[in-house]
Amino acid sequence: MSQTVRKAIFPVGGLGTRFLPATKAMPKEMLPVVDKPLIQYAVEEAQAAGIEDFIFVTGRGKHAIEDHFDVSFELDTMLRERKKMDQLSAISSWMPSPGQISYTRQMEPLGLGHAVWCARHLIGNEPFAVLLADDLVLSETACLKQMVDVHAEIGGSVVAVVDVPREHTNRYGILDVESDDGRLASVRGLVEKPAPADAPSTLSIIGRYILQPEVFEFLDKQEKGAGGEIQLTDAMAATLGNGSFHGLRFEGKRFDCGDKAGFLEATIAFALSRDDLAPAVREIIKSYADE
Ligand code: UTP
């Protein structure tokens, strides 16, 4: 049996330049989809997958994230006094217990691989998950839970993947596939943002990973890759051959919330998935479609 995945890294040190000016004084990961910040969706997904240790790799200007995962004394007291129990639950029921969250600072946003490397001492020598909050997944079963189940069965590294149009391969990390049963693809290579003509497939990695600690050995070298950044994809590629590596086509729909159109689509889809909002939102959409 493979070792249980108990720890997850949440890299939140990026600058979020595609969302300026919204992200000038607020972390991108705190942007709300309907009424919940992106980072809370990611933490709840990790909780649903059985994660016990939540490691945030933060940077300058990210205090709002720490405050969000802390008790708000004034709000708590006021809601308790006014007996607003639903709202009290909305601000606290999902919080990990004291001691389950750790924070480390990336200091310089040198790339996703560098952000993950900054958490190496908190991970130690065991498999771990990485969740990027700006990839949001709407699914019956939490996306990371689907991956943890696959990992429990076959071990190794597991990344969540989606098929993308060939003209978009230059935006993502792309798999070079050895075999593929339509759900699980066995990986023999990985390329970061290949030009459409050079892409070995159209299977793109989304921001959900289960990785082995060996990945830190490559990240220790601090080598820069595409865009002059220390890329997680390059480090994962270096570990290929040391155990199995699979891409999972998960059940559910992924929204790229780092992109404005993807963020707007997520807002619509999540609103439509809620009984309290769906009828009103459907009416609104209809009124625009009729224009
Ligand atoms: P992105 O590639 O979306 O970069 O990072 P970004 O800086 O957040 O946003 P843009 O492109 O400037 O608009 C994907 C994830 O990796 C984290 C980000 O916080 C985000 O969750 N990240 C990226 C880091 O933690 N550190 C980095 O150096 C880079």
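The values are calculated or read from the model by the stated rules, or taken from the named source; none is laboratory data. A quick note: this is a predicted structure, and the numbers were derived from the prediction, not measured. Cβ coordinates were reconstructed from backbone atoms using ideal geometry, including for glycine residues, and neighbour counts include every protein chain displayed.
Taking the range 121-176 as the range and being part of a strand (DSSP E or B), within 16 Å of the ligand (Cβ to nearest atom) and small (Gly, Ala, Ser) as the test, the residues that pass are ALA129, ALA160, GLY173. Taking the criterion of being surrounded by 14 or more Cβ atoms within 10 Å (Cβ to Cβ) and without any contact (Cβ under 8 Å) to a residue 60 or more places away in the chain, the only residue of the range 178-187 that qualifies is ASP180.
Look at VAL5 and say whether it is within 28 Å of PHE250 (Cβ to Cβ), at pLDDT 95 or above, touching a Phe, Trp or Tyr at 6+ places or on another chain (Cβ under 9 Å) and assigned to a loop (DSSP other than H, G, I, E, B). Against the criterion (within 28 Å of PHE250 (Cβ to Cβ), at pLDDT 95 or above, touching a Phe, Trp or Tyr at 6+ places or on another chain (Cβ under 9 Å) and assigned to a loop (DSSP other than H, G, I, E, B)), VAL5 qualifies. Can VAL162 be described as in contact with a Lys or Arg (Cβ under 6 Å, 6 or more places away or on another chain) and either of a type in the set (Lys, Arg) or touching a residue at least 60 places away in the same chain (Cβ under 8 Å) (or both)? It is true that VAL162 is in contact with a Lys or Arg (Cβ under 6 Å, 6 or more places away or on another chain) and either of a type in the set (Lys, Arg) or touching a residue at least 60 places away in the same chain (Cβ under 8 Å) (or both).
The number of residues in the range 237-255 being at negative phi and at pLDDT 95 or above comes to 10.
Exactly one residue out of ALA235, ALA266, ALA226, ALA199 is surrounded by fewer than 20 Cβ atoms within 10 Å (Cβ to Cβ) and aliphatic (A, V, I, L, M), and it is ALA226.
Looking at GLN47, is it surrounded by 20 or more Cβ atoms within 10 Å (Cβ to Cβ), assigned to a helix (DSSP H, G or I) and either modelled with pLDDT under 90 or of a type in the set (S, T, N, Q) (or both)? Full working, then the answer.
On the way: surrounded by 20 or more Cβ atoms within 10 Å (Cβ to Cβ): no; assigned to a helix (DSSP H, G or I): yes; either modelled with pLDDT under 90 or of a type in the set (S, T, N, Q) (or both): yes.
In short, no.
Residues checked against (1) among the acidic types (Asp, Glu); (2) surrounded by 16 or more Cβ atoms within 10 Å (Cβ to Cβ); (3) under 25 Å from ILE268 (Cβ atoms):
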site	(1), (2), (3)
LEU75	no, no, no
LEU79	no, yes, no
MET107	no, no, no
ASN125	no, no, no
LEU131	no, yes, yes
ASP135	yes, yes, yes
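Considering the conditions (1) surrounded by 14 or more Cβ atoms within 10 Å (Cβ to Cβ); (2) assigned to a loop (DSSP other than H, G, I, E, B); (3) away from the ligand (no atom under 15 Å from the Cβ), SER97 is excluded by exactly one of them, (1). Has the range 26-42 got at least one residue that is over 22 Å from HIS151 (Cβ atoms), among the hydrophobic types (A, V, I, L, M, F, W, C) and surrounded by fewer than 18 Cβ atoms within 10 Å (Cβ to Cβ)? Checked the range 26-42: at least one residue is over 22 Å from HIS151 (Cβ atoms), among the hydrophobic types (A, V, I, L, M, F, W, C) and surrounded by fewer than 18 Cβ atoms within 10 Å (Cβ to Cβ).
For ASP198, are the conditions met, namely being without any contact (Cβ under 8 Å) to a residue 40 or more places away in the chain, within 19 Å of the chain's Cα centre (by Cα) and outside any strand (DSSP E or B)? Judged against the criteria, ASP198 is not a match.
Inside the range 162-189, can you point out the residues that are over 17 Å from ASP135 (Cα atoms) and either in contact with a strand residue (DSSP E or B) (Cβ under 6 Å, 6 or more places away or on another chain) or at pLDDT below 90 (or both)? Matches in the range 162-189: LEU175, ASP176, VAL177, GLU178, SER179, ARG183, LEU184, ALA185, SER186, VAL187, ARG188, GLY189.
This table checks each residue for (1) more than 27 Å from ASP180 (Cα to Cα); (2) under 17 Å from the mean Cα position of the chain (by Cα); (3) within 16 Å of the ligand (Cβ to nearest atom); (4) assigned to a helix (DSSP H, G or I).
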{"residue": "ILE205", "(1), (2), (3), (4)": "no, yes, yes, no"}
{"residue": "GLU217", "(1), (2), (3), (4)": "yes, no, no, yes"}
{"residue": "LYS224", "(1), (2), (3), (4)": "yes, no, yes, no"}
{"residue": "ASP234", "(1), (2), (3), (4)": "no, no, yes, yes"}
{"residue": "GLY247", "(1), (2), (3), (4)": "no, yes, no, no"}
{"residue": "ARG254", "(1), (2), (3), (4)": "no, yes, yes, no"}
{"residue": "LEU264", "(1), (2), (3), (4)": "yes, no, yes, yes"}
{"residue": "ASP276", "(1), (2), (3), (4)": "yes, no, no, no"}
{"residue": "LYS286", "(1), (2), (3), (4)": "yes, no, no, yes"}
